[in-house]
Amino acid sequence: MHGQVQSPQYPQPYPPNLQEQWDLSVPEGYHIRLTFTHLDIEASAGCHYDALTVLYDDIDECSAPEPEDGPLCSQICLNTLGSYLCSCHHGFELRSDQRTCVLSCNGGIFEEPEGHLSSPGYPDPPPHAVTCQYIISVEYGFTLSLNFTDNFHIESLETDEGLNCPYHWLKITIPKEKPKKLCGGKSPGLIATDSNTVTLDYHTDNDGQSSGWSLDYSTHRVKCPFPGKVAKGRVTPALSEYLYRDHIFVRCDQGYKLMMNGKEIKSFSAMCQSSGQWHLPLPECHIIDCGTPKPLLNGGVTFLSGFQNQYLSVIRYHCNEPFYSLLGGLTAEFTCEADRRWRSNNNLVVTPTCIPVCGKPTQQISAYQRIIGGKEAPDNTIPWQVLLSVDGQRGGGMVIADRWILTAAHVLKHSENITSSEAIRAYMGLTNVKALQLSPLHAASVHVHPEYNNPNGLDYNHDIGLVKLQEPITFNSSIMPICLPAEGTTYTTGMMGLVSGFGLTDEGRRRILTNKLKYVQLPVVEQEACRISVTLAKRTRTHVPNLTNNMFCAGIPEGGKDSCQGDSGGPFTVSEDGQFWAAGIVSWGVDCGQQGTYGVYTRVSNYVDWINKTMQEN
């Protein structure tokens, strides 16, 4: 009593060349009503190509008896519900009587990418003269090809010059080309054009017989020329031909960059245009440049290979030897990589650092003498020696870094007051005081050990201090730092050290401040022997300070070799494997060079942590 009918594959498109029939019936006494919920059938004049025909009571309206004046339809009859429609073949149109067909030549514009055309009435001659125009016009970027069928006949005349088309012709007009007239009995076959527009003009007169012509036309995308090659790059994709709307891309080899019109571009693509030309010219690939390597303070850079700064160039950093060396012994060779950074073999991008070489003077002292009446130090033998002027008073010190001087606290602090940085001048690099004083260095800050407290001159415990310079020093043969000892270094009795300074020295029977750097070699005294000598001194003298484990003694029992006033803050250095390190700072003593007394020095190894912490924090 009810049901549903649908086309094959619905709701997908129905297949071509389909013939399907459904017979619907219900019991007598009922009528069938059809309700269409969806209809999508290709439209054509009179539903000539695709159609759904509904017949009821088994009536074929097109089979009705013909009227007296001729057939129901002269060419095509189409059943409709309760009636019929007439239609005509290609090249004909329905007359006003809606039954008979007459030859038509309206032509028109054909815009589909492919199609079929034929002359009116083809393959039969038209019954009268025709003048038809057909324009095939597809979108830009496509070219047309006309493929005529073999059955081709347009009336022509044979002349001495060949075929002539005076009365009947098919004229083909292509832009920018001379129009061509076709006639005769031989098909022109395939005509490939380089245009997206073709005009066909077909003309016959009332005389003669031309069967006409038929053709299929198709389109092809416009070709673009091969894009060419890019040095140090590649064009993709690689095709046998390039057509309208195809894209190409250019990528440079590793280590090269895309350049166009003198500017770098991140990426490149070009499209084949409807004109048959690429919309952009190809770019160039230029080798990348890592830029000038960062300069190395107290060192330099040398190019080992490659053109300067370009991809795969290799450089080597070097420090100004023997005064500086590479931190951590890292590799000094760097290569310009594709990411435009200088990278070392172990993938570091950080520029190496040159650190000062400590405790290795370029000149050695051949024979050690004493300061009290001792010998002058040759140039460049004690390059860490500093002469300090503190409120006009002379003191000593030693260079331990490019902006830091190590000295005694009592040189920098008097009573309860730490000397201001403005009152301090430092001199270094020469062994002559008068020459030194021509080139003073200025202090930026003063740092006395926080536990040093010696208001009465009797407590030299923690007698250590630091002076920071305003400007860094560049080290050379005459100015080099002394090494700091390893933390917890032990001082063995009899260990020989070198004491130097610009302090008091014997001049006949007088003691005067020397104008020359003097030095002496002294042994470390056993701590208990030192303590006994201080105890004995206290019995005969007043104002003798106490000895602590932050101090050690150096000297000889018979006297005659010692440091003295003006040497305070200066270095007591020990040589080990050809390298000097700071073992002590000249601190205090009972007289100078007297029998049974020794010079007392601040034990530097007890203060390595404080020294490093102070330098790092300031």
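The values are calculated or read from the model by the stated rules, or taken from the named source; none is laboratory data. Keep in mind the model is a prediction, meaning the values are calculated, not measured. Note: ideal-geometry Cβ built from the backbone for every residue, glycine included; neighbour counts use all protein chains shown.
Would you confirm, using the coordinates I've provided, whether S87 is surrounded by 11 or more Cβ atoms within 10 Å (Cβ to Cβ), hydroxyl-bearing (S, T, Y) and assigned by TED's automatic domain parsing to the domain that holds S187?
Values: surrounded by 11 or more Cβ atoms within 10 Å (Cβ to Cβ): yes; hydroxyl-bearing (S, T, Y): yes; assigned by TED's automatic domain parsing to the domain that holds S187: no.
So S87 does not fit the description; no.
Of all residues being of a type outside the set (A, V, I, L, M) and over 18 Å from S478 (Cα atoms) in the stretch 369-383, which is modelled with the highest pLDDT? Just the residue, please.
Here is the first cut: in the stretch 369-383, the residues of a type outside the set (A, V, I, L, M) are 369-370, 373-376, 378-381, 383.
Next cut, over 18 Å from S478 (Cα atoms) only: 369-370, 373-375.
On the way: Q369: 45, R370: 45, G373: 44, G374: 57, K375: 74.
Selected residue: K375.
If you check P322 against the conditions, is it of a type outside the set (A, V, I, L, M, F, W, C), without any contact (Cβ under 8 Å) to a residue 40 or more places away in the chain and part of a loop (DSSP other than H, G, I, E, B)?
no
How many residues, within the stretch 232-254, are surrounded by 17 or more Cβ atoms within 10 Å (Cβ to Cβ) and farther than 30 Å from T143 by Cα?
Total meeting the criteria: 2.
Would you pick out the residues in the stretch 342-367 that are outside any strand (DSSP E or B) and small (G, A, S)?
Residues satisfying the conditions are G359, S366, A367.
For the stretch 228-318, which strands (runs of 3 or more DSSP E) that fit wholly inside it have 1 or more residues that are more than 28 Å from E333 (Cα to Cα), charged (D, E, K, R) and within 23 Å of the chain's Cα centre (by Cα)?
Working: elements: 233-236, 247-252, 256-260, 269-271, 284-287, 299-305.
Once the strands (runs of 3 or more DSSP E) in the stretch 228-318 are filtered for at least 1 residues that are more than 28 Å from E333 (Cα to Cα), charged (D, E, K, R) and within 23 Å of the chain's Cα centre (by Cα), what remains is 233-236, 247-252, 284-287.
Considering only the stretch 391-401, I want to know if a residue exists there that is closer than 20 Å to T602 by Cα, loosely packed, with under 15 Cβ neighbours inside 10 Å and among the small types (G, A, S).
no
Taking G208 as the residue in question, decide whether it is surrounded by 13 or more Cβ atoms within 10 Å (Cβ to Cβ) and either in a loop (DSSP other than H, G, I, E, B) or more than 60 Å from the chain's Cα centre (by Cα) (or both). I'd like the intermediate steps shown before the answer.
Working: surrounded by 13 or more Cβ atoms within 10 Å (Cβ to Cβ): yes; either in a loop (DSSP other than H, G, I, E, B) or more than 60 Å from the chain's Cα centre (by Cα) (or both): yes.
Considered against the rule, which asks whether it is surrounded by 13 or more Cβ atoms within 10 Å (Cβ to Cβ) and either in a loop (DSSP other than H, G, I, E, B) or more than 60 Å from the chain's Cα centre (by Cα) (or both), G208 comes out as yes.
Would a scan of the stretch 404-411 turn up a residue that is in a strand (DSSP E or B), under 49 Å from the mean Cα position of the chain (by Cα) and not aromatic (F, W, Y)?
Yes; the residues of the stretch 404-411 include at least one that is in a strand (DSSP E or B), under 49 Å from the mean Cα position of the chain (by Cα) and not aromatic (F, W, Y).
Does G465 meet the test of being in contact (Cβ under 8 Å) with a residue 40 or more places away in the chain and either under 20 Å from K518 (Cβ atoms) or not β-branched (V, I, T) (or both)?
It is true that G465 is in contact (Cβ under 8 Å) with a residue 40 or more places away in the chain and either under 20 Å from K518 (Cβ atoms) or not β-branched (V, I, T) (or both).
How many residues are within 23 Å of G276 (Cα to Cα), out of contact with any strand residue (DSSP E or B) (no Cβ under 7 Å at 6 or more places or on another chain) and not hydrophobic (A, V, I, L, M, F, W, C) if we restrict to the stretch 238-260?
1
Quick test for you: out of S137, S96, S118, S87, pick the one residue that is over 26 Å from Q209 (Cβ atoms) and touching a His at 6+ places or on another chain (Cβ under 8 Å). Working first, answer last.
Details: S137 fails: touching a His at 6+ places or on another chain (Cβ under 8 Å); S96 fails: touching a His at 6+ places or on another chain (Cβ under 8 Å); S118 fails: over 26 Å from Q209 (Cβ atoms).
Answer to the check: S87.
Can you pull out the strands (runs of 3 or more DSSP E) entirely within the stretch 127-178 that have at least 3 residues that are closer than 25 Å to N206 by Cβ? Can you show your working first?
Numbers: elements: 131-137, 142-148, 157-159, 162-164, 169-173.
By residue number, 131-137, 157-159, 169-173.
Counting only residues that are in the same structural domain as V604 (by TED's automatic domain parsing) and under 21 Å from F572 (Cα atoms), give me the strands (runs of 3 or more DSSP E) lying completely in the stretch 422-503 with at least 3 of them.
Once the strands (runs of 3 or more DSSP E) in the stretch 422-503 are filtered for at least 3 residues that are in the same structural domain as V604 (by TED's automatic domain parsing) and under 21 Å from F572 (Cα atoms), what remains is 424-428, 465-469, 496-501.
Select from the stretch 516-533 the residues that are touching a residue at least 60 places away in the same chain (Cβ under 8 Å) and within 29 Å of M428 (Cβ to Cβ) and list them in ascending order.
K516, L517, K518, Y519, V520, Q521, L522
Give the residue that is farthest from P11 (Cα to Cα), with candidates limited to residues of the stretch 21-58 that are acidic (D, E) and surrounded by 10 or more Cβ atoms within 10 Å (Cβ to Cβ). Spell out how you get there, then give the answer.
In the first step, residues of the stretch 21-58 are kept if they are acidic (D, E); the result is 23, 28, 40, 42, 50, 57-58.
Subset that is surrounded by 10 or more Cβ atoms within 10 Å (Cβ to Cβ): 40, 42, 50.
Numbers: D40: 10, E42: 15, D50: 17 Å.
Step by step, filter the stretch 21-58, then rank; the result is D50.
Which number in (1) surrounded by fewer than 13 Cβ atoms within 10 Å (Cβ to Cβ); (2) under 21 Å from G108 (Cβ atoms); (3) more than 60 Å from the chain's Cα centre (by Cα) marks the one condition that H203 misses?
Failed condition: (1).
Condition (residue is among the hydroxyl-bearing types (S, T, Y), outside the structural domain of L517 (by TED's automatic domain parsing) and within 30 Å of A231 (Cβ to Cβ)) applied to the stretch 352-374: is it met by at least one residue?
Checked against the condition, which is being among the hydroxyl-bearing types (S, T, Y), outside the structural domain of L517 (by TED's automatic domain parsing) and within 30 Å of A231 (Cβ to Cβ), the stretch 352-374 yields no hits at all.
Of the numbered conditions (1) surrounded by 14 or more Cβ atoms within 10 Å (Cβ to Cβ); (2) free of Cβ contacts under 8 Å to residues at least 24 places away in the same chain; (3) assigned to a loop (DSSP other than H, G, I, E, B), D339 satisfies every one except a single condition; which is it?
Of (1) surrounded by 14 or more Cβ atoms within 10 Å (Cβ to Cβ); (2) free of Cβ contacts under 8 Å to residues at least 24 places away in the same chain; (3) assigned to a loop (DSSP other than H, G, I, E, B), only one is false for D339: (1).
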